[in-house]
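Chemist: Could you have a look at this structure, given as structure tokens, before my questions?
The values are calculated or read from the model by the stated rules, or taken from the named source; none is laboratory data. Note that the structure is a prediction, hence the values are computed from the model and not measured. Positions of Cβ are generated from backbone atoms using ideal geometry, with glycine treated the same way; all protein chains shown enter the neighbour counts. These area figures cover heavy atoms from the full protein model, side chains too; ligands, DNA and RNA do not enter into them. Shrake-Rupley method; radii C 1.70, N 1.55, O 1.52, S 1.80 Å.
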Amino acid sequence: MRILVCVKRVPAPGARINITADGQAVDTAFLGFTMSPHEECAVEEAVQLVEQHGGEATVLTLGPAEADEQLRYAASLGVAKAVLLPIDGPDWDPQLTAQAIGAAITDIEATDGAFDLILFGNESADSGGFQVGIRVAHALGRPVVNGIKGIDVDGGSLRARREADAGVEVYEVSMPAVLGVKEGINLPRYPTLKGRLASKKVAVAQVVPQGEPGGQRMITLLPAAEQVSATVILGNGPEAAGAVVDMLEEIGVLK
Amino acid sequence: MILVVVEHDRGTMSPATWEALAAARAVGEVHALTIGEAADGLVDQIGAYGATTVHQVHHDVLTDYGPEAWGEVVAQATRALSPDIVLATGTDRGNEVMAHAAAILDLPMVANVVEFDGENLVRVRWGGSLLERCRLDAPVRLLTVAHHAFAAEEAPVSAHAESLAVDLDPMLARTVVRERVERKAGVTLSTAPVVVSGGRGVGSAEGFAPLLELAAELGGVVGCSRAVTNLGWRNHTDQVGQTGTRIAPDIYIACGISGAIQHWVGAMASKKILAINTDAEANMVTKADYAVIGDLHQVVPAITAEVRRRRSTSSPRT
Ligand SMILES: Cc1cc2nc3c(=O)[nH]c(=O)nc-3n(C[C@H](O)[C@H](O)[C@H](O)COP(=O)(O)OP(=O)(O)OC[C@H]3O[C@@H](n4cnc5c(N)ncnc54)[C@H](O)[C@@H]3O)c2cc1C
Ligand SMILES: Nc1ncnc2c1ncn2[C@@H]1O[C@H](COP(=O)(O)O)[C@@H](O)[C@H]1O
């Protein structure tokens, strides 16, 4: 199987998210970077599918040169190839991002052959537009289902499972196909020392991204309304149990 | 006119749709779109939330949910009815269907808005930890409304139904649900009145036993942080947060959880929060309504014992 995974480099905030003075970005002065847990799981799924069915996995990102870090992280887990679509400055809008990724995939497939499966995260961690993967699938004319928490490949088609309120839905899609993956589909492995060393040697191919800007433009970031509550300390250690149960009775939880 | 895409599951309307209808009503005249015959019975319910016209779509490929088929219907309805705004629910299905419609129409789509009545929109980022004001240049505005951002208040009108013809390629059946394994009845993480959650501070998979006991005693369920799922101590279905489940219980009891923003965003809709943590400075503690400073391994069993003691000494429950 030939599998492509698309990931996005995002900051990894801790207790709160701070905005820069101009309101245009998350203040990353003291932050590390990562990718969405959904995308980490997409990478793991690609590696597992290649382990089971043979073939090769590729990781792709559109982002700053520093996104090399996320590409190599994926490589350290067993992804063989990496592609960077370098951009400077602010994030590209979802339509533009999808156009650039779609065009790059068409280019790569023209020389290396079609991908059987293209995996996206269900939504990106920072912008959460819920659309880039679906737009790419439409550009390529391939079937796509989001929210996938289980994939079984059987010959030229796959069964994909998704959790809904009423139960687990099963989709049957023939390949080539596109899926948006959710965290929980698997438990991602940690990179081994050997994997980390190997990832340093992976050549990162560069494709110049192109497309027309879409109709959504960010004006400014705003803090979410903070919940201000003066915490009532009910006590220290097990002796606080009485006060806790008083509180549970008071709020009507203990009937 | 604002066209609201009704999210339904085999004819049962989702509460998120009530919110979308109520949000739309505040902005203009509301029409609704129902997809598939199963939704034909929803006209009165939709009218209860203020939509005057319900456009019903029927077709062989619409026997069950299918993202591509539903997206194509929304795209065709948008072309046929020329609404100013098309509004869907900010849920798995709503966001997915709208993204398909946007891709087909080659229009921008803004997910999870919390304000959309002016020139500019406000939408949710980072799962709700951050907001973004944005501009949308488009002949039709395709939007989804963030879940829980608008109150689902009724404003009854008598709605009438109209049939809307669509032309669908049978090929669209390729992503229709093939099979469904129904969920067993019972409380789930997203609906439980009490959630007792454990984080890295629990220390092991076995360490969750006292949390399970307390949850059972209070008629609730157990949740956890991502640190816990990553360690393999609990299944991801228990995870609360941005990439887990959003919960809204009467009380959330967070044991040994530091309160990272991505966890907090999944728990912040809880009516009350009790943090149990050895660290009085932990974010979970400073943001909670109540806190106990101490070792969860001692505090949690003590609470369970106290609940049992009071129940055995009070008059027998009916
Ligand atoms: C894009 C993205 C999405 C994410 N999504 C989620 C998500 O959906 N859900 C989620 O939970 N996380 C999510 N995370 C991860 C999140 O950032 C944190 O890493 C995670 O929530 C930390 O889990 P924790 O609080 O259990 O662990 P820690 O941060 O290690 O905290 C452990 C806490 O336990 C306390 N403690 C230790 N021992 C005891 C004891 N004996 N008794 C009482 N207290 C004790 C400590 O004081 C500390 O406060 C996400 C991260 C990213 C980047
Ligand atoms: N800049 C990017 N580079 C690569 N993949 C991306 C990028 N932005 C979004 N994606 C992919 O598209 C998915 C959905 O993103 P979004 O539409 O922003 O929620 C993400 O989980 C990624 O898999």
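Chemist: Which is farthest toward the positive dipole end of the stretch B:219-299 among B:Thr286, B:Gly244, B:Ala227, measuring Cα position about the Cα centre, with Cβ charges +1 (Lys, Arg) and -1 (Asp, Glu)?
Modeler: B:Gly244
Chemist: Of all DSSP beta bridges located in the stretch A:1-160, what percent are antiparallel, nearest 5?
Modeler: Taking every DSSP beta bridge with both residues in the stretch A:1-160, the antiparallel ones total about 35 percent.
Chemist: How about the stretch A:194-255: which GluC sites (Glu not before Pro) there are in a DSSP loop, with at most 10 other Cβ atoms within 10 Å of their Cβ?
Modeler: Answer in residue order: A:Glu226.
Chemist: Another question, if that's okay. Taking a ≥ b ≥ c as the square roots of the eigenvalues of the Cα gyration tensor of chain A, is the shape rounded (a/c under 1.5), prolate (a/b larger than b/c) or oblate?
Modeler: prolate
Chemist: Could you compute the net charge surrounding B:Gln56? Neighbours are other residues with a C-beta less than 9 Å from the C-beta of B:Gln56; K and R count +1, D and E count -1.
Modeler: Surrounding charge for B:Gln56 is -3.
Chemist: Here's a follow-up. Rounded to whole Hz and in sequence order, give me ³J(HN,Hα) for the stretch B:202-210 from the Karplus expression 6.51 cos²θ - 1.76 cosθ + 1.60, θ = phi - 60°, writing x for Gly and Pro.
Modeler: Listing the rounded values in order: 5, x, 6, 5, 5, x, 7, 3, x Hz.
Chemist: Taking H placed 1.01 Å from N in the peptide plane, check which residues at least 5 places from B:Gly220 or on another chain put their amide H under 5 Å from its amide H.
Modeler: Result for B:Gly220 returns nothing.
Chemist: While we're on this one: Scan the stretch A:18-92 for chymotrypsin sites (Phe, Trp or Tyr not before Pro) in coil per DSSP, keeping those whose Cβ has at most 13 other Cβ atoms within 10 Å, and list them by number.
Modeler: Of the chymotrypsin sites (Phe, Trp or Tyr not before Pro), the ones in loops of the stretch A:18-92 whose Cβ has at most 13 other Cβ atoms within 10 Å are A:Phe30.
Chemist: Net charge near A:Leu158, counting Lys/Arg +1 and Asp/Glu -1 over other residues with Cβ under 13 Å of its Cβ?
Modeler: Net local charge, A:Leu158 excluded: +1.
Chemist: Measuring from centroid to centroid over Cα atoms, what is the spacing of the stretch B:252-275 and the stretch B:1-51 in Å?
Modeler: Distance between centres, Cα-based: 32 Å.
Chemist: Still on this structure, please answer the following. Per DSSP H run of n ≥ 4, the term is -39500 (n - 2.57); total these for the protein assembly as shown, divide by its residue number, and report the mean residue ellipticity at 222 nm rounded to 500 deg cm²/dmol.
Modeler: Rounded to the nearest 500, it is -8500 deg cm²/dmol.
Chemist: When the Karplus curve 6.51 cos²θ - 1.76 cosθ + 1.60 is applied with θ = phi - 60°, which whole-Hz ³J(HN,Hα) does each residue of the stretch B:131-138 get, with x for Gly and Pro?
Modeler: These are the phi-based 3J(HN,Hα) values: 10, 9, 8, 9, 9, 10, 9, 7 Hz.
Chemist: Please label the shape of the stretch A:30-147 as rounded, prolate or oblate, based on the square roots a ≥ b ≥ c of the eigenvalues of the alpha-carbon gyration tensor (a/c under 1.5 means rounded; beyond that, a/b larger than b/c means prolate, else oblate).
Modeler: Because its axes are fairly even, with a/c under 1.5, the stretch A:30-147 counts as rounded.
Chemist: Which net charge results when you count Lys and Arg as +1 and Asp and Glu as -1 among the other residues whose beta-carbon is under 15 Å from that of A:Glu109?
Modeler: Charge balance in the 15 Å sphere: -1.
Chemist: Using DSSP to call loops (not H, G, I, E or B), can you name the trypsin sites (Lys or Arg not before Pro) in the stretch B:155-258 whose Cβ has at most 14 other Cβ atoms within 10 angstrom?
Modeler: B:Arg183, B:Lys184
Chemist: Can you give me the C-alpha center-to-center distance between the stretch A:38-106 and the stretch A:203-255, rounded to a whole angstrom?
Modeler: First find each Cα centre; the distance between them is then 29 Å.
Chemist: Running a GNM on chain A with Cα contacts under 10 Å, which residue among A:Ala100, A:Ala225, A:Ala82 ends up with the highest mean-square fluctuation?
Modeler: The residue that fluctuates most here is A:Ala225.
Chemist: While we're on this one: Top mean-square fluctuation among B:Gln76, B:Gln242, B:Gln298, Gaussian network model of chain B, C-alpha springs under 10 Å?
Modeler: Per the Cα network of chain B with a 10 Å cutoff, B:Gln298 tops the list.
Chemist: What percent antiparallel are the DSSP beta bridges of the stretch B:32-139, to the nearest 5?
Modeler: 65
Chemist: What distance in nm separates the simple spin-label points at A:Asn18 and B:Ala269, each placed 7 Å from Cα in the Cβ direction?
Modeler: About 3.0 nm, to one decimal.
Chemist: Could I ask something else about it? Need the per-residue list for the stretch B:128-148: every residue with at least 50 Å² less accessible surface in the complex of protein chains than in the chain by itself, probe 1.4 Å, sorted by number.
Modeler: Residues passing the criterion (a loss of at least 50 Å², heavy atoms only) are B:Leu130, B:Leu131, B:Arg133, B:Arg135.
Chemist: For A:Lys149, which lysines qualify as cross-link partners when the Cα separation must be under 26 Å and same-chain residues fewer than eight apart are set aside?
Modeler: Within reach: A:Lys8, A:Lys81, A:Lys182, B:Lys184.
Chemist: How would the protein assembly as shown be classified by its alpha-carbon gyration tensor: rounded, prolate or oblate, with rounded meaning a/c under 1.5 and the a/b versus b/c comparison settling the rest?
Modeler: oblate
Chemist: Report the accessible surface area buried between chains B and A, summing both sides, using a 1.4 Å probe on protein heavy atoms only, in Å² rounded to the nearest 100.
Modeler: Between B and A, the summed buried area is about 7200 Å².
Chemist: For B:Lys287, which lysines qualify as cross-link partners when the Cα separation must be under 19 Å and same-chain residues fewer than eight apart are set aside?
Modeler: B:Lys271, B:Lys272
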